[in-house]
Amino acid sequence: MTDNPIVRAAVLKTISDYTRAKYDEARAALNGSMGKGDRLIARSPLDDTKLGAVYVTDPSPQCRITDRAALTDWMVEHYPELTETGYEVCGSDREVIDVLFEHAPHLLREIRRVKDDDMRELRGNAVALGTPIGPGSEADIPGMEVDIPDGVVACKPDPNAFQSVMDLWRAGRLDLDGTVHAAIEETPSVE
């Protein structure tokens, strides 16, 4: 028997893609049947050994900047000290390369933006309070929203799960798509 690493890589990638798709299908089948934060233990039907924990994540609220320009305009109007002036290159790459060496100011455009530290604080406060809020506790500031992402189904295999899965495979009870078959009961022979 020869080990061909090229064939091996192709075979493993093919199996990996197939099983990943089946894993995603299994997770999708569980969506809606488990709630955020739920955690169930999967056990082998052969010997009841723990295969792993299947759970739904329970994400924390997050703050997204939905319109940076609107937020920046509002901050400039209400909290200009929390904004800073920067420059944005507005010429073509070739033009910039040719003339920046000559200090051509017509290629620079002045812009305002919320300072990074202050943006982190705005987002942190919005998450903590569950709603966008300005530095002076103003509500309904533009360009931000707070939402809680949907939980996703995930699995954390037990460290010893591989051996249990292989036992299922050797017993003929496991298909490559993850289907586990019930034990086939032997029927007594009639003599």
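The values are calculated or read from the model by the stated rules, or taken from the named source; none is laboratory data. Note that the structure is a prediction, hence the values are computed from the model and not measured. All Cβ positions, even for glycine, are placed from backbone atoms using ideal geometry, and neighbour counts span all protein chains on display.
Take Leu71 and decide whether it is aliphatic (A, V, I, L, M), part of a helix (DSSP H, G or I) and in contact with a helix residue (DSSP H, G or I) (Cβ under 9 Å, 6 or more places away or on another chain). Yes. Number of residues in region 107-117 that are surrounded by 11 or more Cβ atoms within 10 Å (Cβ to Cβ) and without any contact (Cβ under 8 Å) to a residue 40 or more places away in the chain: the value is 5. Only helices (runs of 4 or more DSSP H) whose full extent lies in region 79-191 are considered here, and the ones with at least 3 residues that are assigned by TED's automatic domain parsing to the domain that holds Arg27 are 161-170. Within region 151-167, identify whether any single residue is free of Cβ contacts under 8 Å to residues at least 40 places away in the same chain and surrounded by 13 or more Cβ atoms within 10 Å (Cβ to Cβ), and answer yes or no. So far as region 151-167 goes, no, none of its residues is free of Cβ contacts under 8 Å to residues at least 40 places away in the same chain and surrounded by 13 or more Cβ atoms within 10 Å (Cβ to Cβ). Has region 49-64 got any residue that is outside any strand (DSSP E or B), among the charged types (D, E, K, R) and closer than 26 Å to Asp118 by Cα? There is no residue in region 49-64 that is outside any strand (DSSP E or B), among the charged types (D, E, K, R) and closer than 26 Å to Asp118 by Cα. Within region 148-161, one or more residues are of a type in the set (A, V, I, L, M) and in contact with a Pro (Cβ under 6 Å, 6 or more places away or on another chain). Restricting attention to region 14-45 and to residues that are loosely packed, with under 11 Cβ neighbours inside 10 Å and of a type in the set (D, E, K, R), the residue that is farthest from the chain's Cα centre (by Cα) turns out to be Asp17. Looking across region 134-143 at every residue that is surrounded by 12 or more Cβ atoms within 10 Å (Cβ to Cβ) and closer than 13 Å to Tyr79 by Cα, the one that is modelled with the lowest pLDDT is identified as Ile141. The condition (being over 30 Å from Pro45 (Cα atoms), without any contact (Cβ under 8 Å) to a residue 24 or more places away in the chain and touching a Ser or Thr at 6+ places or on another chain (Cβ under 8 Å)) is satisfied by just one residue among Ala104, Ala128, Ala139: Ala139.
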